[in-house]
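Since every read-out is calculated from the coordinates, none of them should be taken as a lab result. The model shown is predicted, which means the values in this text are computed figures rather than measured ones. FYI the Cβ positions are ideal-geometry reconstructions off the backbone, even for glycines, and counts take in every protein chain you see.
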Amino acid sequence: MTTAFPEWFYPGPPGGWTADMLDRLPPDAPPHVELIDGSLIMMSPQTAFHMFVLRLLERELSPPQNLCVVREMSVTLGLRQRPEPDLMLVERSALTDLKVRSFKPENVHLVVEVVSPESADRDRVTKPIKYSNAGIKYLWRIEPEDEQAVAYTFELEPSVKAYVPTGIHRKRLTTYVGFDVDIDLDLGQFMS
């Protein structure tokens with residue numbers, strides 16, 4: 001079975017796709033599209049693992065008053081870069097109104113990627129490089145392992161603009177991202 005791309009998608013606009021064009025996609029466009037290196041990336045339907053990890057983090061993250069947990073929003077890193085992390089901690093002051101769709105990297109404190117089979121290369125390699133080049137201080141990558149969530153945590157080493165690992169967390173995510181974090185990673189609570 002072959003699915004044809006809509007007419008607006010291919011070959012794309014003259015000169016390629018840019019970050020601001022994501023706000024003007026037609027109504028029949030998929031709800032979650034990110035822009036990586038000028039290419040539109042359609043997000044696949046997600047697994048229960050993905051949904052439960054995001055639900056857990058949204059519920060358990062307790063940032064200070066100046067930060068806010070957001071999901072299903074993008075960060076504009078440049079003309080042809082507008083990825084959509086699974087979850088972010090952003091400065092509350094960047095939420096200027098209810099029409100905000102994307103954030104500047106200087107307003108993003110933490111990005112979280114929950115790895116899916118189709119996004120593994122982007123989540124492990126491509127996006128971390130782009131986030132670190134943009135100066136985003138913290139990155140978490142959450143992966144499934146034996147039906148459990150494993151959190152890989154990273155912090156930006158500013159002199160080289162690269163992430164360094166700060167831990168691999170099984171069962172419990174205990175770390176520091178400008179404030180203390182202590183989250184039970186057991187997803188069983190959502191299954192009973």
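What list of ³J(HN,Hα) couplings, whole Hz, do you get for segment 180-192 from phi and the Karplus terms 6.51, -1.76, 1.60, once you set θ to phi - 60° and write x for glycine and proline?
Along segment 180-192, the couplings run 6, 10, 8, 10, 6, 8, 5, 8, x, 4, 8, 9, 9 Hz.
For the charge dipole of segment 44-190, defined by +1 on Lys and Arg C-beta atoms and -1 on Asp and Glu C-beta atoms about the Cα centroid, which residue among Leu156, Leu187, Gln81 has the Cα displaced farthest towards the positive pole?
Gln81
Would you calculate, for the chain, the mean residue ellipticity at 222 nm contributed by helices, counting each DSSP H stretch of 4 or more residues as -39,500 (n - 2.57) and dividing by all residues, to the nearest 500?
When only DSSP H runs of four or more count, the value is -3000 deg cm²/dmol.
For the chain, with only Lys/Arg (+1) and Asp/Glu (-1) charged at the beta-carbon, what is the dipole magnitude about the Cα centre, in debye rounded to 20?
With only Lys, Arg, Asp and Glu charged at Cβ, the dipole is about 420 debye.
Quick one: which residues, 5 or more positions from Gly167 or on another chain, have an amide H under 5 Å from its amide H? H modelled 1.01 Å from N in the peptide plane, none for Pro or chain starts.
Thr153
Rank these for me by crowding, Met191, Met43, going from fewest to most other beta carbons within 10 Å.
On the way: Met191 9, Met43 16.
Fewest to most other Cβ atoms nearby, the residues stand as Met191, Met43.
Under 1.5 on a/c is rounded, so check that first for segment 44-190, then, if it is not, pick prolate when a/b is larger than b/c and oblate when it is not; a ≥ b ≥ c are the square roots of the alpha carbon gyration tensor eigenvalues.
Working: a/c = 1.34, a/b = 1.28, b/c = 1.04.
Judged from the Cα gyration tensor, segment 44-190 comes out rounded (a/c under 1.5).
Cα axis of helix 48-60 to longest principal axis of the chain: angle in degrees, 0 to 90, nearest 10?
So the inclination is approximately 60 degrees.
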